[in-house]
Amino acid sequence: SSKWENLPKEKFTINASAYTAAADECGKSNGITASGMKVEKNRTLACPPQYPFGAKIKIEGYGIYTCEDRGGAIKGNKFDIYMETKSEAFAFGRRNLVAEVI
């Protein structure tokens, strides 16, 4: 599809935040993402809609994540990294990080 063709070819900056599978954040608490996958630490990434599910994003200093989820505020260069606890997510905060599609 055109989403795959239009993915960035070079490194780019993302505005990253973190989220959990808690009901107050997701509206449900079963951990099932928009793609149908269950959230997993160090893998699940909520990506803007122009990124297809399954796209692999390498985030410098953090590793390789897979676009598996969406979110109402996840637009433009905003990405949301799944974390298991609210304390981890709050400690992460919001950061500008370098990423690339692999």
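The values are calculated or read from the model by the stated rules, or taken from the named source; none is laboratory data. Keep in mind the model is a prediction, meaning the values are calculated, not measured. Cβ: placed from backbone, ideal geometry, glycine included. Neighbour counts: every protein chain shown. In case anyone asks, the SASA skips ligands and DNA or RNA and just uses the protein heavy atoms, side chains included. Shrake-Rupley method; radii C 1.70, N 1.55, O 1.52, S 1.80 Å.
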Note to self: Restricting the calculation to Cα positions, tell me the Rg (one decimal) and the Dmax (whole number) of the chain in Å.
What the structure shows: 12.6, 38
Check: Separation of segment 4-28 and segment 53-98 by C-alpha centroid, Å?
Finding: 4
Next item on the list: Rounded to whole Hz and in sequence order, give me ³J(HN,Hα) for segment 33-43 from the Karplus expression 6.51 cos²θ - 1.76 cosθ + 1.60, θ = phi - 60°, writing x for Gly and Pro.
Entry: 7, 4, 7, x, 7, 7, 4, 8, 4, 6, 9
Checklist line | Mean residue ellipticity (222 nm) of the chain, computed from DSSP H runs ≥ 4 via -39,500 (n - 2.57), nearest 500 | finding: -3000 deg cm²/dmol
Notebook entry, point to check: Over segment 4-86, what is the percentage of antiparallel beta bridges among all DSSP beta bridges, to the nearest 5?
Noted result: 45
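What is the extension gain from Val98 to Lys38, computed as 0.36 nm multiplied by their sequence separation minus the C-alpha to C-alpha distance, in nm to one decimal? Numbers along the way, then the final one.
Values: separation 60, 0.36 × 60 = 21.60 nm, distance 2.57 nm.
Extra length from Val98 to Lys38 when fully extended: 19.0 nm.
Taking all pairs of distinct Cα atoms, average 1/r, flip it, and tell me the Kirkwood hydrodynamic radius of segment 24-64 in Å to one decimal place.
On the way: mean 1/r = 0.0863 Å⁻¹.
Value: 11.6 Å, from the Cα pair sum.
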Notebook entry, point to check: So what does Ser35 come to for accessible area, using a 1.4 Å probe and Å² rounded to 10?
Noted result: 50
Margin query: Which residue fluctuates most in the GNM of the chain (Cα springs below 10 Å): Cys26, Cys67, Cys47?
Written below: Cys26
Notebook entry, point to check: How high is the relative contact order of the chain, in percent, with contacts defined as C-alpha pairs under 8 Å that are six or more residues apart?
Noted result: 42
Next item on the list: Could you compute the FRET efficiency for Lys28 and Lys56, with r as their C-beta to C-beta distance and R0 at 30 Å, rounded to 0.05?
Entry: 0.70
